[in-house]
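To start, the structure itself, in structure tokens.
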Amino acid sequence: MTITDAIIYGIIQAVCEFLPISSSGHLALLPKYLNIQDPGVTFDLYLHIGTILSLVVYFRKDLIKIAAAKIELLKDPKNLLKVTGYKAFVVNMIFATLVSIFVILILKPLSGAFGRSPELIAFNLAFFGGLLYWFDRGAGEKKQAELEKVDLKFSVLMGAAQAIAIFPGVSRSGITLTMGRYLKFDRKTVAEFTFLLSIPIVLIGSAYKALKILQGEESLLFEPSMALVGIIVAFFVGLAVIHYFLKLIKKIPFISFFIYRALLAILIIT
């Protein structure tokens, strides 16, 4: 892998992570078109650190509020289901994260065995792209205020949806946007919840992979310096993508994402 390859990986990760078109699906296909050895899921995961850092910087004020709310919740954990306001928003996020972890642990062996298959990636791109367009068409416009009460149905379904994105081609932002629109929430509310929800899962995954490498249970198929280049590029490009996506999300026709994903799926299998 060259520096140019690492830069391309970083750009693809940043653009495809926040748009509902699947960063993991694109990254899994890149080795074929760059004519390089596949650096594996571990490289993809470390690129996610770059986009997570861009989320942390962009939503830093929200994260400070979340941290303060968690401290308040720890003082009275017995009333978790009764809280309202921003504390309820945080409780919804905590439950969704726990569900994601549980479902990911169940799906991980299956993902490891078949996840990077071009045929499965093509299917996921087209199928889940179609679901996003279908549910977006009939969705309502519930606002942020609707999340200011503990909603276990919302938390469980959003957490489970995020976990399905362990399969390349599904798209973390795409599947959670789909679920949010199915539950009738407006695009911007779901997008912001989705972005914040991804932070703990990716950080936990990155820490787990790092531990495996340190223990010698997994080997690196890439130079650490190339991963650093990819992370830096993903961080700066990610900041721009988050900013403009949230500004334009109310206006973007979701059928355009479906068409792109369907065309990419056809390209993969032909």
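The values are calculated or read from the model by the stated rules, or taken from the named source; none is laboratory data. Predicted, not measured: the structure shown is a model, and the values here were computed from it. Glycine gets a Cβ as well: all are built from the backbone with ideal geometry, and neighbour counts include every protein chain shown.
Among residues of region 195-221 that are closer than 23 Å to Ile164 by Cα, those with a beta-carbon under 7 Å from a residue that is among the basic types (Lys, Arg) and at pLDDT 75 or above at least six positions away or on a different chain give the pairs Ser198/Arg172.
Between Ile259, Ile242, Ile204, the distinction of being closer than 25 Å to Thr4 by Cβ and part of a helix (DSSP H, G or I) belongs to Ile242 only. So, of the residues in region 250-269 that are in contact (Cβ under 8 Å) with a residue 24 or more places away in the chain and basic (Lys, Arg), which turns out to be farthest from Leu30 (Cα to Cα)? Among them, the one singled out is Lys250. Of the helices (runs of 4 or more DSSP H) contained entirely in region 34-120, those carrying at least 1 residues that are under 30 Å from Glu148 (Cα atoms) and in contact with a Pro (Cβ under 6 Å, 6 or more places away or on another chain) fall at 86-114.
Here Leu27 passes the criteria (1) of a type outside the set (S, T, N, Q); (2) touching a Phe, Trp or Tyr at 6+ places or on another chain (Cβ under 9 Å); (3) surrounded by fewer than 20 Cβ atoms within 10 Å (Cβ to Cβ) except the one numbered (3). From the list Phe127, Phe185, Phe222, the lone residue that is modelled with pLDDT under 90 and under 24 Å from Phe102 (Cβ atoms) is Phe185.
Residue by residue, here is whether (1) among the polar types (S, T, N, Q); (2) within 17 Å of His48 (Cα to Cα); (3) out of contact with any His (no Cβ under 7 Å at 6 or more places or on another chain); (4) modelled with pLDDT under 85 holds:
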site: Val150; (1), (2), (3), (4): no, no, yes, yes
site: Leu157; (1), (2), (3), (4): no, no, yes, no
site: Gln162; (1), (2), (3), (4): yes, yes, yes, no
site: Ala165; (1), (2), (3), (4): no, yes, yes, no
site: Gly180; (1), (2), (3), (4): no, no, yes, no
site: Leu196; (1), (2), (3), (4): no, yes, yes, no
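Regarding region 184-196, can at least one residue be identified that is assigned to a loop (DSSP other than H, G, I, E, B) and farther than 22 Å from Ile21 by Cβ? Checking region 184-196: at least one residue is assigned to a loop (DSSP other than H, G, I, E, B) and farther than 22 Å from Ile21 by Cβ. The set of residues from region 198-226 being over 24 Å from Ser54 (Cα atoms) and charged (D, E, K, R) comprises Lys212, Glu217, Glu218.
Residues checked against (1) among the hydroxyl-bearing types (Ser, Thr, Tyr); (2) under 30 Å from Lys87 (Cα atoms):
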{"site": "Ser155", "(1), (2)": "yes, yes"}
{"site": "Thr176", "(1), (2)": "yes, yes"}
{"site": "Val190", "(1), (2)": "no, yes"}
{"site": "Ser225", "(1), (2)": "yes, no"}
{"site": "Leu239", "(1), (2)": "no, yes"}
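Here is a check on your reading of the model: is Ser117 out of contact with any His (no Cβ under 6 Å at 6 or more places or on another chain), in contact (Cβ under 8 Å) with a residue 40 or more places away in the chain, on the phi < 0 side of the Ramachandran plot and surrounded by 12 or more Cβ atoms within 10 Å (Cβ to Cβ)? No; evaluated as a whole, the condition is false for this residue. Considering the conditions (1) at pLDDT below 95; (2) of a type outside the set (Ser, Thr, Tyr); (3) within 19 Å of the chain's Cα centre (by Cα), Phe235 is excluded by exactly one of them, (1).
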